[in-house]
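Engineer: Okay, handing you the structure first.
Derivation of every value follows stated rules applied to the coordinates shown; laboratory data play no part. All values derive from a computational prediction rather than experimental measurement. Heads up, the Cβs are rebuilt from the backbone with ideal geometry, glycines too, and the neighbour counts pull from every protein chain shown.
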Amino acid sequence: MQQADEQFAIRVRDLVVGFRRHVVIDHLALDVRRGEILGLVGASGGGKSVLMRTIIGLIARQGGEIEVMGSPINHDRTTRSAAGRWGILFQQGALFSSLTVRQNIQFPLRENLELSDALMDEIATAKLEMVGLKAEDGDKFPSELSGGMTKRVALARALALDPAIVFLDEPTSGLDPIAAGDFDALIKTLQKTLGLTVFMVTHDLASLNTVCDRVAALADGKIVAIGPMRELLQSEHPWVRAYFHGKRSQMLQPRAS
Amino acid sequence: MATAPLLTATSSGGTLELRPAGSWTAANATTLERLSNDVTLQFDGAAAVKVDMAGVRELDTLGAWLLEKMARRANSAGHRADIVGVADNYVGLIDEVRQVNRRTPAPAPARNPVVAKLSDIGRSTIGAREDVTAFLQMLGALCIAILGVLRRPRSLRLTSLTYQLYRVGWQAIPIVVLITFLIGAIIAQQGIFHFRKFGADSYVVDMVGILVLRELGVLIVAIMVAGRSGSAYTAELGSMKMREEIDALSTMGLDPIEVLMLPRILALVCALPILSFIGSLAALYGGCLVAWFYGGMGPAIFLARLHEAVSVTHFEVGIIKAPFMALVIGIVACSEGLRVKGSAESLGKQTTTSVVKSIFLVIVLDGLFAVFFASIGM
């Protein structure tokens, strides 16, 4: 049992989430291994974000169990103690608009740790440089940042407390292919250096192909296929086939064959 | 699992050997900072510093940075610093941290406070000029739209106008009546309380009548409308601007001024005189009730005195101002709405600006009218 806990960063069992009569997540099971990058794909409005938000305790579930790094997650205050163990990159960045970039990154540090201001500044600059920004960018306000920079700052803030897991909600959406490629590379690098577990909701076929160790496909409220990209390409599930063998996915085919 | 961090320093043959141990992670940040600061003080006596990482159980960016910082301090003090015994899974992190914080950014050039203040004043002057231009532009565009409608009366958006009238007129009545009723009652109460000392209670009717009909009725209602409907206009048009709906309208060959602003402003211009009239009645009613129950002056006497005290002129002076105030509120609200940029913050900011500006302009306008009416003897 101890062995199993060590192996998995997130364990979801028999999860049911719904809004009124409408069931979004239907008896779903999912394991995320420690140190892997898991990509989650699914139809728009199919519950990907709902699943992610349920795992981090923002949405109440109707049944099932969720464990993150071996401790159970509930939709209540106890979840707050878990906040130090994960970092979340929201789709729009969710940077606090009244704080500078540096203050945004320092916010989790300031709230959770007792540090001197000098050290706090150094840590913030270190995080900024780790996500590929310059120390000067620390004095900017979120409204002055480009889309790619916003995502990088949000990632730096998500990593402020050196969490074991980061959740990324469509990290490359709204970025041009070059910026998206750079961001993918950054995620991969940080995952290696910091030993992170990454849970990534995405529609970007290129990210799935390049950075994800495993891909999980969510359809009809269940995980219908999970495994490395090449296994998913062979999947017989109709939705997964449609997703990976549609017109837009042709670029994946030569590699798969 | 997490263990308390340790840092032992042993000095041998001029080499200071540091042995960090335990969990060098953010969870122990306070202890770690103290430990590393303490040990830095011992650097002076040593020729070389060696950091043996073998004992470190857990390491994160914070711990790695503190170790790196110690090494850098030793280096800058002229000692040689080595980090040895790094576990394989932390090599990447140590290497990464070695790259950061290398370059101190040039501090922002300090501005001369006098120059900064002057530049602020200059900027706000230019800003004020831009405000006036924007106001005049909107007024001009509105006039053109009105001319267009006069030429082709069928192009007036009657549905939209009716709907806006319903919103800013009909739906505003309850709150306007309530507020003006209270204001009338308060004025009457204060008047009775203070006039009684001179035995001049009955002049309260004159005061309430003239004050409400000439000034307060329309002013209070205009301020209410600026806060209630002006802000709504700015927010609506601003969010349409944000979502490029206004650009979409223009590309379809329609004039946003004619489609969106004209019905809104016309509705305000129609609604405000009506609301002022209703508001003034409510205020007089409130004053009458207070005079009756608090001052002991029956409604019949109140009405008779009111008949003597006020003339149609007073009412005219008040109600003439209403459409002009409505025009100012409408123009400010619409032009602020069009100034909204892409972000939600700017929508909020512009809405606030719209309300503040229109209330300010309404009061200024009221002052100008007071001067005007005084000089023509009304």
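Engineer: Calculate, for B:ARG103 and B:ILE186, the FRET efficiency according to 1/(1 + (r/R0)^6) with r their C-beta to C-beta distance and R0 56 Å; round to the nearest 0.05.
Structural biologist: So, using R0 = 56 Å, E works out to roughly 0.30.
Engineer: Still on this structure: Between A:ASP117 and A:GLU144, what is the label-to-label distance in nm when each label sits 7 Å out along the Cα-to-Cβ direction?
Structural biologist: Those two pseudo-labels are separated by 2.0 nm.
Engineer: Something else about it: Using a Cα-Cα cut-off of under 23 Å, which lysines could be cross-linked to A:LYS127, ignoring same-chain neighbours fewer than 8 residues away?
Structural biologist: The reachable lysines, counting only those whose Cα sits under 23 Å from A:LYS127, are A:LYS140, A:LYS151, A:LYS188, A:LYS192, B:LYS69.
Engineer: Of B:ASP366, B:ASP95, how do they rank once you tally other Cβ atoms within 10 Å and put the fewest first?
Structural biologist: Fewest-to-most ranking of B:ASP366, B:ASP95: B:ASP95, B:ASP366.
Engineer: Using a Förster radius of 60 Å, what is the FRET efficiency between A:ARG230 and B:THR353 based on their Cβ-Cβ separation? Nearest 0.05, please.
Structural biologist: Plugging the Cβ-Cβ distance into 1/(1 + (r/R0)^6) gives 0.55.
Engineer: Related question: How many percent of DSSP beta bridges within the protein assembly as shown run antiparallel, rounded to 5?
Structural biologist: 45
Engineer: Here is a follow-up. Taking 8 Å as the Cα distance limit and 6 or more residues as the minimum spacing, I'd like the relative contact order of chain B as a percentage. Present the calculation step by step, with values, prior to reporting the outcome.
Structural biologist: On the way: 496 pairs, mean separation 62.9, N = 378.
This gives 17 percent for chain B.
Engineer: Would you mind giving the mean number of other chain beta-carbons within 10 Å of the Cβ of each residue in B:60-69, as a whole number?
Structural biologist: Working: counts 7, 10, 11, 1, 4, 6, 3, 0, 2, 3.
Rounded to a whole number, the mean comes out at 5.
Engineer: Same structure again: In what order do B:ILE278, B:ILE121, A:ILE10 fall by count of nearby beta-carbon atoms within 10 Å, going from fewest to most?
Structural biologist: B:ILE121, B:ILE278, A:ILE10
Engineer: Which whole number gives the average count of other chain Cβ atoms within 10 Å of the Cβ atoms across peptide A:130-139? Kindly include the intermediate steps, with their values, before the conclusion.
Structural biologist: On the way: counts 6, 0, 0, 0, 2, 7, 4, 1, 1, 2.
Mean number of neighbouring Cβ atoms from other chains: 2.
Engineer: Given points 7 Å out from each Cα along the Cα-Cβ axis, report the B:GLU308 to B:SER155 separation in nanometres with one decimal.
Structural biologist: Going from the B:GLU308 label point to the B:SER155 one covers 5.7 nm.
Engineer: For every other residue with a beta carbon closer than 14 angstrom to the beta carbon of B:TYR233, add +1 if it is Lys or Arg and -1 if Asp or Glu, then tell me the sum.
Structural biologist: +4
Engineer: Can you give the angle from 0 to 90° between the axis of helix A:117-130 and the longest principal axis of chain A, with both taken from C-alpha atoms, to the nearest 10?
Structural biologist: 40
Engineer: Would you work out if segment B:244-325 is rounded, prolate or oblate? Take a ≥ b ≥ c from the square roots of the eigenvalues of the alpha-carbon gyration tensor; rounded if a/c is under 1.5, else prolate when a/b is larger than b/c, oblate otherwise.
Structural biologist: Prolate, since a/c reaches 1.5 and a/b exceeds b/c.
Engineer: Sticking with this structure for a sec: Quick one: order B:CYS143, B:CYS334, B:CYS288 by neighbouring beta-carbon count within 10 Å, fewest to most.
Structural biologist: Lowest to highest Cβ neighbour count: B:CYS143, B:CYS288, B:CYS334.
Engineer: Kindly work out what percent of the DSSP beta bridges joining two residues of segment B:1-153 are antiparallel, to the nearest 5.
Structural biologist: Within segment B:1-153, antiparallel bridges account for around 35 percent of the total.
Engineer: Only loop residues by DSSP count here, and only those with at most 13 other Cβ atoms within 10 Å; note down the GluC sites (Glu not before Pro) in segment B:182-247 that meet that.
Structural biologist: For GluC sites (Glu not before Pro) across segment B:182-247 that sit outside H, G, I, E and B with at most 13 neighbouring Cβ atoms in 10 Å, the list reads B:GLU244.
Engineer: If the reach is capped at under 17 angstrom between alpha carbons, list the lysines near B:LYS349, excluding any in the same chain fewer than eight residues apart.
Structural biologist: Hits, sequence-local ones excluded: B:LYS241, B:LYS341, B:LYS357.
Engineer: Also: Between A:ARG13 and B:TYR166, what is the label-point separation in nm under the 7 Å Cα-to-beta-carbon projection?
Structural biologist: 5.7
Engineer: Then there's this: Taking each residue in B:333-346, count the Cβ atoms of any other chain within 10 Å of its Cβ, then average. What number comes out?
Structural biologist: Averaged over the peptide's residues, the number is 1.
Engineer: Peptides A:184-197, B:29-42: what's the order by average Cβ count within 10 Å, highest mean first? Please report the intermediate quantities before stating the final value.
Structural biologist: Details: A:184-197: 19.3, B:29-42: 16.8.
Final packing ranking: A:184-197, B:29-42.
Engineer: For the protein assembly as shown, state the average projected area of the convex hull of the C-alpha atoms over all orientations, rounded to one decimal in nm².
Structural biologist: Orientation-averaged projected area of the Cα hull: 43.7 nm².
Engineer: By how many degrees, between 0 and 90 and to the nearest 10, does the Cα long axis of helix A:101-112 differ from the longest principal axis of chain A?
Structural biologist: Taking Cα atoms only, the helix is inclined about 80 degrees.
Engineer: Between B:VAL115 and B:LEU139, what is 0.36 nm times their sequence separation minus the Cα-Cα distance? Round to one decimal in nm.
Structural biologist: Working: separation 24, 0.36 × 24 = 8.64 nm, distance 3.59 nm.
Length gained between B:VAL115 and B:LEU139: 5.1 nm.
Engineer: Rounded, prolate or oblate: which fits chain B when a ≥ b ≥ c are the square roots of the eigenvalues of the alpha-carbon gyration tensor, with rounded for a/c under 1.5 and prolate only if a/b beats b/c?
Structural biologist: Numbers: a/c = 3.63, a/b = 2.43, b/c = 1.49.
In terms of gyration-tensor shape, prolate.
Engineer: Near A:LEU186, within a Cβ-to-Cβ distance under 10 Å, what is the net charge of the other residues, with Lys and Arg +1 and Asp and Glu -1?
Structural biologist: Net of charged neighbours comes to +1.
Engineer: Can I ask one more? Full-extension gain between B:ASP82 and B:THR15, please, as 0.36 nm times their residue separation minus the C-alpha to C-alpha distance.
Structural biologist: In short, 23.0 nm is gained.
Engineer: Further, regarding this structure: Multiply the residue separation of A:LEU58 and A:ARG110 by 0.36 nm, subtract the distance between their alpha-carbon atoms, and state the gained length in nm to one decimal.
Structural biologist: 16.5 nm
Engineer: Also, I was wondering about something else. Where does helix B:312-338 land angle-wise versus the long Cα axis of chain B, in degrees 0 to 90, nearest 10?
Structural biologist: Result, in degrees: 30.
Engineer: At a Förster distance of 22 Å, what's the computed FRET efficiency of A:ALA242 paired with A:LYS192, Cβ-Cβ distance as r, to 0.05?
Structural biologist: 0.10
Engineer: First check a/c for segment B:52-198, with a ≥ b ≥ c the square roots of the eigenvalues of its C-alpha gyration tensor; if it is under 1.5, answer rounded, and if not, answer prolate when a/b is larger than b/c or oblate otherwise. Walk me through the intermediate numbers first.
Structural biologist: Working: a/c = 2.82, a/b = 2.41, b/c = 1.17.
Prolate.
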